[in-house]
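The values are calculated or read from the model by the stated rules, or taken from the named source; none is laboratory data. Just so we're clear, the structure is a prediction, and the values are computed from it rather than from any experiment. With ideal geometry, Cβ positions are generated from the backbone for all residues, glycine too; neighbour counts draw on all protein chains shown.
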């Protein structure tokens, strides 16, 4: 392959299948056969290609995922990964050899024998991704890879990076960084997820994941408008190409590779109240009392560092929190869980009084081998060596007392790792970590290599400890820093954001891209952490936050209070109404969470995830997103502006969520939408424009025609059983369906079949009638509802409803264009027929 830069050539011979440590680590290579320069060697699952000193091995893990490894000096890096478990890397499918590569059942892989440039196409020859003619540059241990960047392609993912939703035209560095008060264009910040999705090219969507933990970088046409470049200063040249052709298929396959997020406890989806810090048990009780007095549904109150003794993790300030167990019990009786912070720095206390420091001997070391000590919140601190099994097991065991006290979840903050009094905000790069874990060879590694996975391994230790201590319960762990695959262990949030309109818009972009990057459970501090929001900003943030995956109101010490009631009755009423709506939607939201655990589909999505033509929308979609496939949320593109704006609704028809009446493209009552003009390719045919004028008390939300949406009566927490029927709102249209899902919400018994899942479908008859069909339910769990109340929207027919030949009493409302009826849950089987007249 064509290469440039500094390197030492071998004599046209490269070794195959060498398994060694990364380039910076000396290790003896295993015996390998030789391969002539410029030659292909077919493998059962791929091909190797040698050119000069470099060797490329491309193998098919599945029909739609190929792995590309490039060996320097004929030596492949160690085949081990923090992100991709061994069983995923061991996948293999037999391929069909080609003269210049191979084919799977969905893709063709070609390697240019003159340059080594890799091109992947679909079976019709449409390019999925292609290297530039000069694909690889080496300079010492650093490397650069270059790929062509088609003019039509957009780029998403990369976790919670700032800037625009679309990554095209920007460049980024992966280096987990404590970035308090970051700007909307700051980089790097808290997480490193070296995965992106290309959308809109000739071959549809595809993904590339560079599995390298060093300080990697990505350039999406920033320096060279037609070049997509990425690389790193060291470490393995090891990346995966993931075929779609849809964005949804890319995300599902990426999470097949790096792991699905486990199903959260249901209370993790409820409203959550926090501040840095609630300073005493009395203050926590007062907050809880006010939340219940104002009837603001709430599931969680968070405890930040001031609940601890002198900021020392795994301690409690007995003066301000004299009875943590009693507090947790009282909160639990009121349906509120406590989540407590446990930062990863351990106070260096030499007098024997601090058990966490006394019970571990696996600490990160200085370059000379001595224990690394640095200042953080408790003062001088040491740092567990989470890349060893022993340190992770020790850390996980520290949660026993908190669990016994009734703390329900845990918050791992400061885990970039953040260090005080240093311009880099983190450890020296030559610090030493010990790797004794997974399928890695046991060895020492520099902090330069481990930095970006350190926070993830911290959350892994927490998650695995909670599983061991409470094996029947679902862990809830929140992290600030992580790496690809970290969704297996924790939810996340976007860190110390600011109370600005710009950051509200940024939060939408960050959470969408986190969902595309595997982190389906994500949050941004509602109202902004730093600064203090205006009344209007906090209200608008509550409205949008009610439709985000994790909904936490959090604010910094020394800032104005940001609880829902702080700005008076007018704002409180609006905020409460949107929190109420989140709880009404809990059956739908929880069903999306369970779907995510099975498929990897994010809860919060860009519109093009389920409606691919929306990638070329004629409207400004910078704030528009969907909750699942069926609800489209359309805040103003400039949320502080009173200017009216257009929402482009994808083809197929939509209803207004708040009125239940057609908004666009639905047969029946006239909607308020206009057909959008098609672009030059005609991609927008059928798209409808709806004009919206911003109002503080209103957020446009639309429902896909063809949705069967489950909702419930408002409760004060997910621990409360709803009082009343399960509501099924039927919005007739094509592909009409919905899913009912329930389990106990907190244990892992759903994995043993103790769940309830039922598909519901609807079809229109030629005469205008409607059939609603309930599939037989799956699972052995009995859900809470005893009655199902059905509302058919957009209905102008009669009220004749029958089930199993018997009449069901129903009511048709001509003004509301609805038909309503109820059935016992036990009778929700088979078909219900609704006559046209």
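Laid out as a table, the results:
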{"quantity": "Qualifying residue in segment 177-192 (condition: in contact with a helix residue (DSSP H, G or I) (Cβ under 8 Å, 6 or more places away or on another chain) and surrounded by fewer than 19 Cβ atoms within 10 Å (Cβ to Cβ))", "calculated": "yes"}
{"quantity": "Strands (runs of 3 or more DSSP E) lying entirely in segment 120-192 (those with 1 or more residues that are over 30 Å from residue 100 (Cα atoms))", "calculated": "154-157, 171-173"}
{"quantity": "Single match in 803, 837, 829 (criterion: within 21 Å of residue 712 (Cα to Cα) and touching a residue at least 12 places away in the same chain (Cβ under 8 Å))", "calculated": "829"}
{"quantity": "Extreme residue, surrounded by the fewest Cβ atoms within 10 Å (Cβ to Cβ), among residues of segment 396-406 that are over 25 Å from the mean Cα position of the chain (by Cα) and part of a helix (DSSP H, G or I)", "calculated": "404"}
{"quantity": "Residue match in segment 604-620 (condition: within 30 Å of residue 538 (Cβ to Cβ), modelled with pLDDT of 95 or more, assigned to a loop (DSSP other than H, G, I, E, B) and touching a helix residue (DSSP H, G or I) at 6+ places or on another chain (Cβ under 6 Å))", "calculated": "yes"}
{"quantity": "Meets criteria (closer than 30 Å to residue 764 by Cα and either in the same structural domain as residue 769 (by TED's automatic domain parsing) or more than 19 Å from the chain's Cα centre (by Cα) (or both)) for residue 657", "calculated": "yes"}
{"quantity": "Some residue of segment 731-753 being within 18 Å of residue 661 (Cα to Cα), out of contact with any strand residue (DSSP E or B) (no Cβ under 8 Å at 6 or more places or on another chain) and surrounded by fewer than 16 Cβ atoms within 10 Å (Cβ to Cβ)", "calculated": "yes"}
{"quantity": "Residue 253 modelled with pLDDT of 95 or more and under 26 Å from residue 481 (Cα atoms)", "calculated": "yes"}
{"quantity": "Residues of segment 759-786 classified as within 19 Å of residue 831 (Cβ to Cβ) and in contact with a strand residue (DSSP E or B) (Cβ under 9 Å, 6 or more places away or on another chain), total", "calculated": "17"}
{"quantity": "Pairs where the first residue, in segment 568-579, is over 12 Å from residue 291 (Cβ atoms) and the second is in a helix (DSSP H, G or I), C-beta under 7 Å, 6+ apart", "calculated": "571/535; 571/539; 574/539; 578/542; 578/543"}
{"quantity": "Strands (runs of 3 or more DSSP E) (entirely within segment 701-759) containing at least 3 residues that are at pLDDT 95 or above and closer than 16 Å to residue 582 by Cα", "calculated": "701-704, 707-711, 726-731"}
{"quantity": "Among residues of segment 799-831, those that are outside any strand (DSSP E or B) and either buried (at least 18 other Cβ atoms within 10 Å of the Cβ) or touching a strand residue (DSSP E or B) at 6+ places or on another chain (Cβ under 6 Å) (or both), counted", "calculated": "5"}
{"quantity": "Checking residue 832 against (1) over 33 Å from the mean Cα position of the chain (by Cα); (2) under 30 Å from residue 261 (Cβ atoms), the condition it does not meet", "calculated": "(2)"}
{"quantity": "Residue within segment 209-217 that is in contact (Cβ under 8 Å) with a residue 40 or more places away in the chain, closer than 25 Å to residue 624 by Cα, assigned by TED's automatic domain parsing to the domain that holds residue 62 and crowded, with 19+ Cβ neighbours inside 10 Å present", "calculated": "no"}
